[in-house]
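Q: Quick one: structure below, then a few questions.
The values are calculated or read from the model by the stated rules, or taken from the named source; none is laboratory data. This one's a predicted model, so the numbers in the text were calculated from it and none came from an experiment. Glycine also receives a Cβ, built like all others from the backbone with ideal geometry; neighbour counts cover every protein chain displayed. In case anyone asks, the SASA skips ligands and DNA or RNA and just uses the protein heavy atoms, side chains included. Shrake-Rupley method; radii C 1.70, N 1.55, O 1.52, S 1.80 Å.
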Amino acid sequence: MEKNNVKKIVFLTGTRADFGKIRSLISKLNEDGHFATHIFATGMHMDSKYGSTVNEIEKFGFPNIYKFINYAGPSTLDAIFANTVSGFGNFVRETKPDMIVVHGDRSEALAGALVGSMNNILVAHIEGGELSGTIDEMIRHAVSKVSHLHFVANEEAKKRLIQMGEKEDTIFVIGSPDLDIMRSENLPTLSEMKKTFDVPFDKYGIFIFHPFSAEMGGLLKSVEIVVDALIESKFNYVAVYPNNDPGTDIILDIYKKKLFNSKRFIIHPSMRFEHFLTLLKNANFIIGNSSAGIREAPFYGVPAINIGGRQSNRVREGKIGSI
């Protein structure tokens, strides 16, 4: 039973990545005693293809987890968005939260922010104000415009939100929200990570390649070229499935044809964020077009090779090469 003076905070999460970035905040609020957290788990969390990562959320022991399937099989961003608006809207009207917290630039985040705004509920957006030059950028800016509070990663993002018309006193620079976990002394050890995910390599690179709407016409050829180059390198790789955006099946078909039977490639649908950080921290490099190569890799001093335009306008630092 929730006390009358306790504030209800709803976190919407649709991917393994955004949950990794908001988990520490959920934990802090639960420890505080003045808040009751609710988690609306949807998107990739509910997809068995990606390991049904809602199970990972449950393992943390968080209360009030609501599961919602917003797509089944191949789907489009607009359909996922519409389904999430409908499902989350019903959930919000039943739960009556004081605040909704969304992260990033997924269609689920836009749905959550829009539902909150239209129901006069305070919406907090984490990591707005970023540039990427993709549909993600447009979604991210749209999320910011229907949010009330903004927790951004850097001063550039803050300035950009002010240019977009957001009030300065609603914007707070907090850095990358996963830094608390990245700096934690409680990350799994290298041996624990290797045992959990059957990684036999002492030296390895990480390969993550997501579909990119602006490059969809050449996606098949691009993936084949990259995969062939990795095979030719004769190095060891740990690959993680792409996200569930349109084009994912094209990428996975190439993996199945060329990588699944290779002894130099270990492929996982998903990894718990803490285990992924240990994997990254000990990698020789990361290659692909994941934001992990732009954000997390430089923090650990891990070289990153960024392919294509998916991260072209991101704020970056460290050893990052683009091709």
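Q: Listed highest first by mean packing, meaning other Cβ atoms within 10 Å per residue, what order do 104-114, 70-80, 239-249, 286-296 come in?
A: The densest-packed peptide leads the list: 104-114, 286-296, 239-249, 70-80.
Q: Still on this model: Could you put Met44, Met164 in order of accessible surface area, largest first, with the 1.4 Å probe and the full protein assembly present?
A: Met164, Met44
Q: Now a separate question. Just from its helices, what would the mean residue ellipticity at 222 nm be for the chain, if runs of 4 or more DSSP H residues each count -39500 (n - 2.57) and the sum is divided by every residue, rounded to the nearest 500 deg cm²/dmol?
A: Using -39500 (n - 2.57) per qualifying helix, the result is -11500 deg cm²/dmol.
Q: Let me ask another. Over the chain, with every protein chain in place, what whole percent of the accessible area is carbon and sulfur at 1.4 Å, could you tell me?
A: Percent of accessible area from carbon and sulfur atoms in the chain: 53.
Q: Kirkwood hydrodynamic radius, region 1-153, all distinct C-alpha pairs: what's the number in Å?
A: 15.4 Å
Q: Could you do me a favour and compute the accessible area per residue for region 4-100, 1.4 Å probe, result in Å²?
A: Accessible surface, normalised per residue, equals 46 Å².
Q: Still on this model: Run through all the Cα pairs of the chain and give the fraction in each 20 Å bin from 0, expressed as whole percent.
A: The distribution over the chain is 32, 60, 8, 0, given as percents.
Q: Enter the angle in degrees (range 0 to 90, nearest 10) between the Cα long axis of helix 16-32 and the first principal axis of the Cα atoms of the chain, meaning the one along which they spread out most.
A: In the chain, helix 16-32 runs at an angle near 40 degrees to the longest axis.
Q: On average, how much accessible surface per residue is there in region 231-278, in Å², for a 1.4 Å probe, leaving out ligands, DNA and RNA?
A: Per-residue value: 45 Å².
Q: Follow-up. Give the Cα extents of region 215-307 along the principal axes, in whole Å, largest first.
A: 33, 28, 22
Q: Percent relative contact order of the chain, based on C-alpha pairs within less than 8 angstrom and at least six residues apart?
A: 15 percent
Q: Follow-up. Could you work out how far the C-alpha centroid of region 122-150 sits from that of region 231-302, in angstrom?
A: 26 Å
Q: Indicate the gyration tensor shape class of region 132-252 (rounded, prolate or oblate), computed on the Cα atoms with a ≥ b ≥ c the square roots of the eigenvalues: a/c under 1.5 is rounded; otherwise a/b larger than b/c is prolate and the rest oblate.
A: Oblate shape, in that a/c is at least 1.5 and b/c is the bigger or equal ratio.
Q: Normalised by the number of residues in region 138-292, what is the relative contact order in percent for Cα pairs under 8 Å and 6+ residues apart?
A: Computed over region 138-292, the figure is 27 percent.
Q: Going by amide H atoms built from the backbone, whose H comes under 5 Å of the H on Val101, apart from near neighbours?
A: Those qualifying (amide H under 5 Å, at least 5 residues apart or on another chain) are Val10, Phe11, Leu12, Ala124.
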